[in-house]
Amino acid sequence: MRGQEILARYPEARLVEVPSHWNIPELHRNEALVEDWARVKRTVLVLGVRKTLRCLPFERSADVVAPAAANGCASSCSYCYVARRKGYANPITTFVNIEGILGAIERHASRQGVKTAPTQADPALWTYELGTNSDLSVDAAISDNVRDLVDLFRRLPHAKATFATKNVNPALLGYDPQGKTRVRFSLMPADIARRVDVRTSPVAERIAAMNDLYRAGYEVNVNVGPVIVYDGWLDDYAALFTQIDDVLSPEVKRQLQAEVIFLTHDADLHEVNLRWHPRGEDLLWRPDLQETKVGQASGETTLRYKMALKRGYVADLRTLLERHMPYCGVRYAF
Ligand code: SF4
């Protein structure tokens, strides 16, 4: 049904059936596509049926990671970790079995029952992360999946939804979340965003949209990330925090919380990026400042700022945030 709705929106699209949405050799392993990175995102949409419908425990922005209704993104942030797993192309995959996804979340929330103790994610409601592998503001332009998710959380008594975004989609203003969906706008200095947040909304538009979404019934938070270190970065972050402080309404400031995440990168993604967007790599690829880290659970190798340096970076940024936006709590910073 959802699949048919989406196909009807793109009557000129050529339909190519594939055995698996997750493994499309013509896309993900087609090295020749890398130079066409952005064009593939503009012209290819994968529709799939999501098989795994599990809700998984989580401990940062949320208590639970919900089964995602999409994977991949029309934006092209050059540090994006979703792309790290997709090889040479990363267009949006939209999952059409939204009823199954909604049902799995509802059953999980009902088993959770009342939240009796606060967590880092939220003091009162079980918080479900909806967007670890896509940007829901963009997904909302493809189908009604996001509207259906916002509808679901509006009526779940002990749960709320959350997702991070770098895009402004006015369609979200009509979803009526009644405080049960938290949107986290990812922000960084505008000049840097122009280089690495490729095909996203300008930073000034994102900040302005925070007031609009709050008025439309969303909880609105800020995701300071990924924080990229370069000569003069703290001056640029001071200017960013001043800009946020100038624009946000008193009501938005009163409920504001921040999450701070420093950049991680990846050697394979660096090689891919050099072939379609080398300009961003001057900022992202800093072997002089970075070290290799092997993920405990995933076993994946990533690059992060050297711990001996990063401790100081985190402390400096927190001090700056406190100075310019003292009303803004920090959920976590790492
Ligand atoms: S908006 Fe998010 S999901 Fe999309 S490319 Fe950027 S980092 Fe990746």
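Residue under question is Leu125, and the condition is that it be open to solvent by less than 10 Å² (accessible area, probe 1.4 Å) and either closer than 19 Å to Arg60 by Cα or more than 13 Å from the ligand (Cβ to nearest atom) (or both); does it hold? Don't jump to the end; show me each part of the working.
Details: open to solvent by less than 10 Å² (accessible area, probe 1.4 Å): no; either closer than 19 Å to Arg60 by Cα or more than 13 Å from the ligand (Cβ to nearest atom) (or both): yes.
No; evaluated as a whole, the condition is false for this residue.
Just the residues that are under 22 Å from Ala141 (Cβ atoms), open to solvent by less than 90 Å² (accessible area, probe 1.4 Å) and of a type outside the set (Val, Ile, Thr), please, taken from the range 14-43.
Hits for the range 14-43 are His21, Leu27, Asp36, Trp37, Ala38, Lys41.
Based on this model, can you work out whether Leu47 counts as among the aliphatic types (A, V, I, L, M) and in contact with a helix residue (DSSP H, G or I) (Cβ under 7 Å, 6 or more places away or on another chain)?
Yes, satisfied.
State the number of residues belonging to the range 75-90 that are within 7 Å of the ligand (Cβ to nearest atom), of a type in the set (Ser, Thr, Tyr) and not in a loop (DSSP other than H, G, I, E, B).
1
Output yes when any residue across the range 153-173 is within 12 Å of the ligand (Cβ to nearest atom), within 15 Å of the chain's Cα centre (by Cα), open to solvent by less than 10 Å² (accessible area, probe 1.4 Å) and closer than 22 Å to Gln243 by Cβ, and no when none is.
Yes, because at least one residue in the range 153-173 is within 12 Å of the ligand (Cβ to nearest atom), within 15 Å of the chain's Cα centre (by Cα), open to solvent by less than 10 Å² (accessible area, probe 1.4 Å) and closer than 22 Å to Gln243 by Cβ.
Report those strands (runs of 3 or more DSSP E) wholly inside the range 262-334 carrying at least 2 residues which are open to solvent by 50 Å² or more (accessible area, probe 1.4 Å), modelled with pLDDT under 95 and touching a strand residue (DSSP E or B) at 6+ places or on another chain (Cβ under 6 Å).
290-294
May I ask you to verify whether Leu136 is near the ligand (Cβ under 10 Å from one of its atoms), in contact (Cβ under 8 Å) with a residue 60 or more places away in the chain and buried (at least 22 other Cβ atoms within 10 Å of the Cβ)?
yes
Here are some residues: Leu47, Leu130. Which one is at pLDDT 95 or above, within 30 Å of Asp268 (Cβ to Cβ) and open to solvent by 40 Å² or more (accessible area, probe 1.4 Å)? Give the steps one after another, and end with the answer.
Working: Leu130 fails: open to solvent by 40 Å² or more (accessible area, probe 1.4 Å).
Exactly one of Leu47, Leu130 is at pLDDT 95 or above, within 30 Å of Asp268 (Cβ to Cβ) and open to solvent by 40 Å² or more (accessible area, probe 1.4 Å), namely Leu47.
Suppose the filter is buried (at least 23 other Cβ atoms within 10 Å of the Cβ), within 21 Å of Gly280 (Cα to Cα) and of a type in the set (Asp, Glu); does Asp197 pass it?
The answer is yes for Asp197.
Report, by residue number, each residue of the range 214-231 that is over 17 Å from Leu284 (Cα atoms) and open to solvent by less than 10 Å² (accessible area, probe 1.4 Å).
Answer for the range 214-231, where residues must be over 17 Å from Leu284 (Cα atoms) and open to solvent by less than 10 Å² (accessible area, probe 1.4 Å): Tyr218, Val220, Asn221, Val222.
So how many residues does the range 177-189 have that are farther than 14 Å from Trp233 by Cα, of a type in the set (A, V, I, L, M) and in a loop (DSSP other than H, G, I, E, B)?
0
Yes or no: Asp144 in contact (Cβ under 8 Å) with a residue 60 or more places away in the chain, more than 16 Å from the ligand (Cβ to nearest atom) and open to solvent by 20 Å² or more (accessible area, probe 1.4 Å)?
It is true that Asp144 is in contact (Cβ under 8 Å) with a residue 60 or more places away in the chain, more than 16 Å from the ligand (Cβ to nearest atom) and open to solvent by 20 Å² or more (accessible area, probe 1.4 Å).
Yes or no: the range 106-120 includes at least one residue that is more than 12 Å from the ligand (Cβ to nearest atom), assigned to a loop (DSSP other than H, G, I, E, B) and open to solvent by less than 50 Å² (accessible area, probe 1.4 Å).
Within the range 106-120, one or more residues are more than 12 Å from the ligand (Cβ to nearest atom), assigned to a loop (DSSP other than H, G, I, E, B) and open to solvent by less than 50 Å² (accessible area, probe 1.4 Å).
Can you name the condition, by its number, that Asn223 falls short on among (1) outside any strand (DSSP E or B); (2) among the polar types (S, T, N, Q); (3) within 16 Å of the chain's Cα centre (by Cα)?
In the conditions (1) outside any strand (DSSP E or B); (2) among the polar types (S, T, N, Q); (3) within 16 Å of the chain's Cα centre (by Cα), Asn223 misses (1) alone.
So Tyr237 passes all but one of these: (1) part of a helix (DSSP H, G or I); (2) of a type outside the set (A, V, I, L, M); (3) out of contact with any Ser or Thr (no Cβ under 8 Å at 6 or more places or on another chain); (4) open to solvent by 10 Å² or more (accessible area, probe 1.4 Å). Which condition number does it fail?
Going through (1) part of a helix (DSSP H, G or I); (2) of a type outside the set (A, V, I, L, M); (3) out of contact with any Ser or Thr (no Cβ under 8 Å at 6 or more places or on another chain); (4) open to solvent by 10 Å² or more (accessible area, probe 1.4 Å) one by one, Tyr237 breaks only (4).
Residue check: is Pro11 open to solvent by 80 Å² or more (accessible area, probe 1.4 Å) and not polar (S, T, N, Q)?
Yes.
Collect the residues in the range 23-58 that are in a loop (DSSP other than H, G, I, E, B) and in contact (Cβ under 8 Å) with a residue 60 or more places away in the chain, keeping them in residue-number order.
Cys55, Phe58
Would you check if there is a residue in the range 190-211 being under 17 Å from Ser76 (Cα atoms), part of a strand (DSSP E or B) and within 16 Å of the chain's Cα centre (by Cα)?
yes
The values are calculated or read from the model by the stated rules, or taken from the named source; none is laboratory data. Note that this is a predicted model, so its numbers are computed, not measured. Reconstructed Cβ throughout: ideal geometry from the backbone, glycine too, with neighbour counts over all protein chains shown. Note: accessible area is taken over every heavy atom of the protein model, side chains too, but ligands, DNA and RNA are not part of it. Shrake-Rupley method; radii C 1.70, N 1.55, O 1.52, S 1.80 Å.
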